[in-house]
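S.K.: Here it is: the structure, laid out below.
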Amino acid sequence: MARRVGNRVSAQAAAEAGEQGGAQETTTLKRALTTPLLYFFILGDVLGAGVYVLVGQVAADAGGAVWAPLVVALLLALLTAASYAELATKYPRAGGASHYATRAFGPFFGFVAGFCMLAAGIVSVAALARGFGGDYLSAFVTLPVGLVAVLFLALLALVNARGIKESTRANVVATVVEVSGLAVIVVLGAWLLLRGDGDVGRLTQLGTPEKGAAAAVLSGSVLAYYSFVGFETSVNVAEETRDPRRSYPRALFGALATAGAVYVLVGMAASAAVPTARLAGSSGPLLEVVEEAGGVPTRLFSAIALVAVANGALLTGIMSSRLAYGMAKDGLLPAALTKVLPGRRTPWAAIAATTLLAMLLALTGSVATLASTLVLLLLVVFLMVNTAVLVLRREPGEADHFRTPTALPVLGIASCVVLATQIEAQVWLRGLTVVAVGTVLAALICVRRTRRADEDVRDPG
């Protein structure tokens, strides 16, 4: 029944979009993003707060050769990114993975994909809000974490509602700050080596006493993969991009390549500058580099980390609100979420709803138990997206949209399966609980749509 209803609604959505005949879909959102703004949007989302703790975790799993799992993780991320590039240029509209899954498999799977993305995005924003009010802020002022989180989220919502152009311009500044801070780490690592205090030999030490080289790379790649997720949020602003078919692939692959280069350089600098055991045991591994080199105040990195956290929360908040808006347009969420500000043309209702949920999570403290399920939820979404690319090849779309080689989404599917096998059992339990909730809600929506369709057939007037 779900498939029959899904096919009916998917065909109806395609007809309403006018894309099967090649006509471009209209939008109520303002097309304000240029290629540079989109590039910085993606780069800022990928280069988030995670990089400031990532290096130590990867070193603990992989050894001194931190760069190796980072390179592998980048290649795995590019596989799914290629699928997103095809779908975002073929269907440039808000909704992202939810919209793609709806077109390919019907609203049941569309809702599940969207629900997983929403859950991951809202929990991520809540976690970042609590992170903003934690140790980094304590370097300057001590305030209740809950109060800071609420005020922080309210401010981000106002920036989000102000407009996509204003939000992404703020992201450009924040991204420059983030990258500058990481550049300082690279320079300090080089300075340590020049003065003879570092050890280049650690860069070839792959593996730990518990794991051989191959197992260390795979385990470290799973951790490193966490740092590259974030690119998927950008498809939800494709509808606000001036020329998505031209701009999106350039911005996406350019930003991932830049992020990969930055991560590898930072990983090499940190590993060469600080002993692996010390790096692995630190919750602030980049601060270890700063302390080892000297000359740069440690409070400076607290400030940079706050900028990184705020920027990541802003961009994830934009994604969550646009995803909720897109799902509402597909009829998968209440229609009230499609309301936009008359002048700004930003989805204020979706922004308010996702912000309130993030505030609730931040105040209840349940974020800690859900945060570890983020990657698993995203792997579920990525699996659907890579599969949807192949299924939707039956729809021609626009003649000039980006088309990825067929082998890449197939390899993307395999990469999701491999990475999922490395996730711990307790994380699977929490993640499957979230997916189960989404599945039940999706089934209820399908039943409701079936009843409405039957009523329309019996009473067409």
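The values are calculated or read from the model by the stated rules, or taken from the named source; none is laboratory data. What you see is a predicted model; the values in this text were computed from it and never measured. With ideal geometry, Cβ positions are generated from the backbone for all residues, glycine too; neighbour counts draw on all protein chains shown. For the accessible areas, the whole protein counts, side chains as well, though only heavy atoms, and no ligand, DNA or RNA atoms are used. Shrake-Rupley method; radii C 1.70, N 1.55, O 1.52, S 1.80 Å.
S.K.: What does the accessible area per residue of the stretch 102-237 come to in Å², with a 1.4 Å probe and no ligands, DNA or RNA counted? If you can, show how the numbers build up before the last one.
M.R.: Working: 5340 Å² over 136 residues.
Heavy-atom SASA per residue in the stretch 102-237 reads 39 Å².
S.K.: For the chain, build the charge dipole from Cβ charges (+1 Lys, Arg; -1 Asp, Glu) around the Cα centre, then report which of G163, A59, A82 sits farthest towards its positive end.
M.R.: G163
S.K.: By per-residue mean of other Cβ atoms within 10 Å, what is the highest-first order of 200-206, 102-108?
M.R.: Put in order of decreasing packing, that is 102-108, 200-206.
S.K.: What figure, in Å² to the nearest 10, do you get for the accessible area of M319 with a 1.4 Å probe and non-protein molecules left out?
M.R.: That residue has around 10 Å² of solvent-accessible surface.
S.K.: Ranked highest first by average number of other Cβ atoms within 10 Å, how do 177-187, 305-315 line up?
M.R.: Ranked by mean Cβ neighbours within 10 Å, highest first: 305-315, 177-187.
S.K.: A further question on this structure: Given H placed on each backbone N at 1.01 Å, which residues far from L206 in sequence or on other chains put an amide H within less than 5 Å of it?
M.R.: Amide H to amide H, under 5 Å and 5 or more residues apart or across chains, L206 pairs with A65.
S.K.: Using the alpha-carbon atoms, what tilt in degrees (0 to 90, nearest 10) does helix 67-90 show relative to the longest principal axis of the chain?
M.R.: 20 degrees
S.K.: Further question on the same structure: Evaluate the relative contact order of the chain (contact order divided by residue number), counting alpha-carbon pairs under 8 angstrom at least 6 apart; express in whole percent.
M.R.: Over the chain, the number comes to 34 percent.
S.K.: Now a separate question. Rounded to the nearest 10 Å², what accessible area does M117 have for a 1.4 Å probe in the complete protein model?
M.R.: 10 Å²
S.K.: Let me ask another. Using protein chains only and a probe of 1.4 angstrom, how many square angstrom of Y136 are accessible, to the nearest 10?
M.R.: About 60 Å², rounded to the nearest 10.
S.K.: Ignoring everything except DSSP H segments at least 4 long, calculate the 222 nm mean residue ellipticity for the chain; use -39,500 (n - 2.57) per segment, divide by total residues, nearest 500.
M.R.: Taking each H run of at least 4 residues, the total per residue is -24500 deg cm²/dmol.
S.K.: Of D61, D135, D45, D400, which has the most accessible area with a 1.4 Å probe, and how do the rest follow in descending order?
M.R.: From most accessible down to least: D135, D400, D61, D45.
S.K.: Next up: Using r as the Cβ-Cβ distance of R452 and R246, and R0 as 45 Å, what FRET efficiency do you calculate, to the nearest 0.05?
M.R.: 0.70
S.K.: What FRET efficiency would be calculated for the residue pair A277, T406, taking the C-beta separation as r and a Förster radius of 56 Å, to the nearest 0.05?
M.R.: Once the sixth-power term is evaluated, E becomes 0.80.
S.K.: Taking the solvent-accessible surface of protein heavy atoms with a 1.4 Å probe, what is the per residue accessible area of the stretch 33-73 in Å²? Present the calculation step by step, with values, prior to reporting the outcome.
M.R.: Working: 920 Å² over 41 residues.
Value for the stretch 33-73: 22 Å² per residue.
S.K.: Oh, and also: Mind checking the dipole of the chain: about its Cα centre, +1 per Lys or Arg Cβ, -1 per Asp or Glu Cβ, Debye to the nearest 20?
M.R.: Computed charge dipole of the chain: roughly 1140 debye.
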